[in-house]
Amino acid sequence: MDKQTSPGVTQAPSSTISLEALKAGDREAFSQLVETYSGKLYRLALKLLQNPQDAEDVLQETFIKAFRYIRGFDGRASVSTWLYRIATNEALMQLRRKHPETVSIEEPDEDGDAEQEPLQIVDWCCMPEQELLSAETRRRLDEAVGRLPDTLKTVFLLRDIEDLSTAETAEVLNLTETAVKTRLSRARLRLREDLSVYYAEKMERNKDDARP
């Protein structure tokens, strides 16, 4: 999946940033924080909101709030987890303003949090590797992620795209680890079902093209 970053937003290699320096108002430490996490937070907001300007707004608000409230940060979670929580909340608030019917990420979605029955999935074994890695496939996956309910999409993005741990994702979203695992499983299942339809259609097209 393409990992997009905002034009003009740089992302420095991850390094240790002193919490003490941040709390003391050290501008250089805060600049390092911005450089380290801007790309990641922008990408998350863009995937959630599907709008570059909205993602930029989330990024700006995240660092404004981080600078404003860093002195009160208790350090129970990592700074990165704290930033992800601020950014995720900002993005979800934007979604709720534009779509008041949006379900809260902390509430069960329309199907509840129970495991669903396995779906019928097409076998991908016969698809060439170049097909599985193609730009078209990545685009289709991005579209499938975009169609996930917010309750599942947010967990999937944090766990599988941003590589947060289950515990970190639970902290960001104020969920139990069990809820995170359940929603991640359901998100992956829905994505696999969506892509299975795509691959089934593609395999049929390939068969038609191969016929004399």
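The values are calculated or read from the model by the stated rules, or taken from the named source; none is laboratory data. Every value quoted in this text rests on a predicted model; they were computed, and no experiment measured them. For neighbour counting, all protein chains shown are included, and Cβ atoms are generated from backbone atoms with ideal geometry for every residue, glycine included. All accessible areas refer to the heavy atoms of the entire protein, side chains included, with ligands and DNA or RNA removed. Shrake-Rupley method; radii C 1.70, N 1.55, O 1.52, S 1.80 Å.
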Filter the cross-link list Lys40/Lys181; Lys98/Lys153; Lys23/Lys181 down to pairs whose alpha-carbon distance in this structure exceeds 28 Å.
Lys23/Lys181
Please give the Cα centre distance for the stretch 64-97 versus the stretch 134-201, rounded to the nearest Å.
22
Between Gln60 and Ala135, how many nm apart are label points set 7 Å from Cα along the C-beta direction?
3.2
Got a sec? What order do Arg140, Arg68, Arg183 fall in by accessible area at 1.4 Å, biggest, i.e. largest, first?
Arg68, Arg140, Arg183
Tell me which of Leu59, Leu83, Leu49 sits at the most positive position along the dipole axis of the stretch 18-99, charges placed on C-beta atoms (Lys, Arg +1; Asp, Glu -1).
Leu49
